[in-house]
Amino acid sequence: MNAFDDDTLLHERLYRIGSTAPVPVLDPSEDVRRGRRRVLRARVAATVGTVMAVGIIGIAGVALQPVIADRATDPAGSPIAPSTSSVRRAASVVQALPSAFNLAINVIFERDAALAGVPDVVLEPMQATTDETITTWTAKVEKIDVGGDQGLADLLARIQRSLDGMPKTRSDIGDTAGSRAAAQVAYMALVNDLLAIPTLVPRVNDAEIDSEIEALGSMQPVFDSLHEERAIMSNALTKREQSQTSGAVQAEPVSKEDLVSLAAAETTWRLSLADFYTATSERHREVLDQITYNTATDGAVGVPAQRVVNMVLSTGSLDRVTINPDAYTESCTELIRGLQELFVSAANEIGDDLAALDG
């Protein structure tokens, strides 16, 4: 394996806990409509507008305001009866979602480990785990009824091309700097495509089920924004730790550019998480409340990793941050695994609802 510079040490922290945490195995297992969702999204957007201003101009002291979820129920039913064909087509896609989600998360952790330049004895078992989920995904995708949906067909074809190119991607990420950059793009494209599948699940004209399907469409921006936050914060915390260890005076570990990117990522994170929360079932709102310590509609600031992000955005620096890189990584990994379990469970619940609708 190639030896990387000190900056890549942050990636090692990202894989360390994730590589040892098992992929959750879940057994297959209401009430919100779009009007309510628009209300909460408008409230969250008003809050994150302030956050963006902090990141862009780098002014300290602007605090984030909490968003209180509106749990009002829209009792209106669907005006159109579900069709058998749409239900069955939707079910064929939904049955593949758990394996798609698990594969995406395994790819994320494999990528992080490879970027860290970990020994083969650590990386190879992670790749084997990814390969197992590829096998599971391949068996599931064969049962998807694409119908006349060219967008879905194109997405599945892109995913297959990415999987076919996995040997080269794995080789490239351990090679030169240029090839590593290309491999990172390839890994991320695969993850984004896998997480985008819920956006193409056919609607079935059942208000509750369609809302829950729409909720899963928030997954891709949730993980994409979390990835951006992890990269920025891990790098900044690692730089600070190295500076403290060496005693050398270094530049501020969080630059103005970092603040802009961090604010944008936190905006997407907050909005997307609120989208999922308002559109999913009551049971899964309760699970997300547990994962985020009842702060799901407030950017999950109950989670240490997200609380740190908000501290940095409110002050423009790491001055109030006491968490070390390893503890930050552990919090991120716990959050990722919790979201993985939640999304898989939500997909299984939708599958059960569709089966009951078809029956």
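Across q = 0.19, 0.24 Å⁻¹, the stretch 212-261 modelled as identical point scatterers on its alpha-carbon atoms has Debye log10 I(q)/I(0) values of -0.69, -0.87, in the order of the q list. Give the lysines whose C-alpha is closer than 17 Å to that of K239, dropping any in the same chain fewer than 8 places away, or say none. The reachable lysines, counting only those whose Cα sits under 17 Å from K239, are K256.
Per residue, how much accessible area does the stretch 83-202 show when a 1.4 Å probe rolls over the protein heavy atoms, in square angstrom? Each step should come with its number before you reach the end.
Details: 4800 Å² over 120 residues.
That works out to 40 Å² for each residue.
Summing Lys and Arg as +1 and Asp and Glu as -1 over all other residues whose Cβ lies under 12 Å from the Cβ of T133 gives a net charge of -2.
In Å², and per residue, what accessible area does the stretch 206-358 have when probed at 1.4 Å with the other protein chains present?
Working: 5250 Å² over 153 residues.
I get 34 Å² per residue for this part.
Using the 2.2 N^0.38 Å rule of thumb for compact globular proteins, work out how the stretch 83-202 stacks up: its C-alpha Rg over that value, please.
Numbers: Rg = 15.5 Å, N = 120, 2.2 N^0.38 = 13.6 Å.
Scaled against compact globular proteins, the figure is 1.14.
Our summary gives the stretch 161-252 a relative contact order of 17 percent, counting only alpha carbon pairs under 8 angstrom and 6 or more residues apart.
Got a number for carbon plus sulfur as a percent of the stretch 291-331's accessible area, 1.4 Å probe? Kindly include the intermediate steps, with their values, before the conclusion.
Numbers: 680 of 1460 Å².
Solvent-exposed carbon and sulfur of the stretch 291-331 make up 47 percent of the total.
Rolled with a 1.4 Å probe across the full set of protein chains, the surface gives M166 an accessible area near 10 Å².
Take the Cα coordinates of the stretch 251-342, assign each an equal point scatterer, and use the Debye formula without solvent to give log10 I(q)/I(0) at q = 0.16, 0.17, 0.20 Å⁻¹. For the stretch 251-342 at q = 0.16, 0.17, 0.20 Å⁻¹, log10 I(q)/I(0) is -0.67, -0.75, -0.99.
Given a 1.4 angstrom probe, I'd like the percentage of the accessible area of the stretch 83-202 that is carbon and sulfur, rounded to a whole number. On the stretch 83-202, the fraction of accessible area on carbon and sulfur atoms equals 55 percent. Only alpha carbons enter this Debye calculation for the stretch 206-359, each as an equal point scatterer, and the log10 of I(q)/I(0) it gives at q = 0.12, 0.18 Å⁻¹ is -0.54, -1.01. The figure for V185 is an accessible area of roughly 100 square angstrom, using a 1.4 Å probe on the protein chains alone.
Each Cα pair under 8 Å and six or more residues apart adds its separation to the average, and for the stretch 206-358 the resulting relative contact order is 30 percent.
The values are calculated or read from the model by the stated rules, or taken from the named source; none is laboratory data. Nothing here was measured: the structure is a model prediction, and the numbers come from that model. Virtual Cβ from ideal backbone geometry, glycine too; neighbours counted across all protein chains shown. Ligands, DNA and RNA are stripped out before the accessible areas are found, and what is left, the full protein with its side chains, is counted by its heavy atoms. Shrake-Rupley method; radii C 1.70, N 1.55, O 1.52, S 1.80 Å.
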